[in-house]
Every structure is written in structure tokens, then in C-alpha cells.
1. Among the residues of region 117-130, count how many are assigned to a helix (DSSP H, G or I) and either crowded, with 23+ Cβ neighbours inside 10 Å or within 11 Å of the chain's Cα centre (by Cα) (or both).
2. Output the residue which, of all residues in region 87-100 that are of a type in the set (A, V, I, L, M, F, W, C) and touching an Asp or Glu at 6+ places or on another chain (Cβ under 9 Å), is surrounded by the most Cβ atoms within 10 Å (Cβ to Cβ).
3. On the given criteria, is residue 96 part of a helix (DSSP H, G or I), of a type outside the set (A, V, I, L, M) and closer than 20 Å to residue 19 by Cβ?
4. Answer yes or no as to whether residue 65 is within 23 Å of residue 131 (Cα to Cα) and at pLDDT below 95.
5. Within region 132-146, work out how many residues are part of a helix (DSSP H, G or I), hydrophobic (A, V, I, L, M, F, W, C) and touching a Leu at 6+ places or on another chain (Cβ under 7 Å).
6. Kindly indicate whether residue 106 is within 21 Å of residue 45 (Cβ to Cβ), basic (Lys, Arg) and not in a helix (DSSP H, G or I).
7. Is it the case that some residue within region 73-83 is in contact with a strand residue (DSSP E or B) (Cβ under 8 Å, 6 or more places away or on another chain) and either farther than 21 Å from residue 108 by Cβ or at pLDDT below 95 (or both)?
8. Could you tell me which of the residues 150, 101, 114, 166 is closer than 22 Å to residue 14 by Cβ, in contact (Cβ under 8 Å) with a residue 12 or more places away in the chain, not in a loop (DSSP other than H, G, I, E, B) and not acidic (Asp, Glu)?
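The values are calculated or read from the model by the stated rules, or taken from the named source; none is laboratory data. Note that the coordinates shown come from a computational prediction; the quantities given were computed from them, not determined experimentally. Please note: Cβ atoms are built from the backbone with ideal geometry, for glycine as well, and neighbour counts cover all protein chains shown.
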Amino acid sequence: MQKTIIICGLADIQHCVDKYNPDKMLTIINQNFSPDTPKGMNEDRHLKMLIDDISEPREGFILPQKHHAQALLDFTNDWDTSKPLLVHCHMGISRSTSTSLGVAAKFDPDNIELIIENLKEIAPHASPNKIMTKYYDEILGLNNRLFSSLAYFDPEPIEESRVVELKF
């Protein structure tokens, strides 16, 4: 059965909950922008991970750690894959695309290269967070298959977030 991950930015989460009726929702955003659980989404099906979009330590910022990546993956253990998973960050560019690749690799590791190509095609603005992608690769034992793909992402600039449906 085909699985779907909806990737979006903060501005689109209510629209995506209304349109797609996701089973679960991952919010990966810095603490200054932490949204409430949208109307129509059960709070126990919504994980908020308050981390910044950085790949190296910076004073005053929360660097993603391996335990953050593990918690995001673990939250999908009981995902009803007949319904979409909603993953968002601030703009739907970096933390959410990295996490979406990690989740897709968890559920379909044999086809991760095809999933990466699909994401690059449907989301030319995607620029997966490097350190998070590295952690997903390590946790899932992908032998650098996920992390090495980052060299092939050439994101185009965008001024507003976009909604992307990653199917695999």
C-alpha cells in the first residue's frame, strides 16, 4: 500500500489538517514558533520537536541531536499508513524534508534512492537539514545512502512555503 507524507510550512498546517486528515503530525520548529495542535488533530497524535534549523552549535540555539531524530522516528511506530503523515517545519524546506526522508527510509529502506529522487522532483526547494539527515542515516543503518544524497539537492529559493505530497 502506498504511503503519503505531507510536507509543509507553519502557515499551511491548518489547511493540511483540513484537507488531508492526517493520522499523525510532526512539528519540527524552533521554540519561538511552536504552534498549538491544529483543530481536527488529536493532541496525542501530534509531536512537537523544538529544535532550530542549524547543523552546527550556535549560542542561543537548539542544535538537533541524535535523540531528537530517534524520537521523531519512534513517534511514527504506530502511524496508520492508510492515512497521511503531516510533517512541517517553519517553511517546509529543511527540517521537515530531512525528517520526511528519514521516515520514508524507515518504512521503505529498499527504495530510498527512488524516494530521494521523487522528493527532489516534487520539491525543488528542498534542502534537508544536514545533521538531522546524518542522524537518520545512522539510526536506520543506511550506510550513508541518505546522507550522501544531500550533495545532489540544489534548492531553488522560495518566498512562501509550499505543500508537497511525498508518496512511496
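1. Residues of region 117-130 assigned to a helix (DSSP H, G or I): 117-122, 130.
Within this subset, residues satisfying the condition of being either crowded, with 23+ Cβ neighbours inside 10 Å or within 11 Å of the chain's Cα centre (by Cα) (or both) are 119.
The qualifying residues number 1.
2. It comes out as 89.
3. yes
4. Details: within 23 Å of residue 131 (Cα to Cα): yes; at pLDDT below 95: no.
No: the conditions fail for residue 65.
5. Looking only at region 132-146, we keep the residues that are part of a helix (DSSP H, G or I), and these are 132-140.
Then drop every residue that is not hydrophobic (A, V, I, L, M, F, W, C), which leaves 132, 139-140.
Next, only the ones that are touching a Leu at 6+ places or on another chain (Cβ under 7 Å) stay: 139.
Counting residues in region 132-146 that are part of a helix (DSSP H, G or I), hydrophobic (A, V, I, L, M, F, W, C) and touching a Leu at 6+ places or on another chain (Cβ under 7 Å) gives 1.
6. On the way: within 21 Å of residue 45 (Cβ to Cβ): yes; basic (Lys, Arg): yes; not in a helix (DSSP H, G or I): no.
So residue 106 fails the test.
7. No.
8. 166
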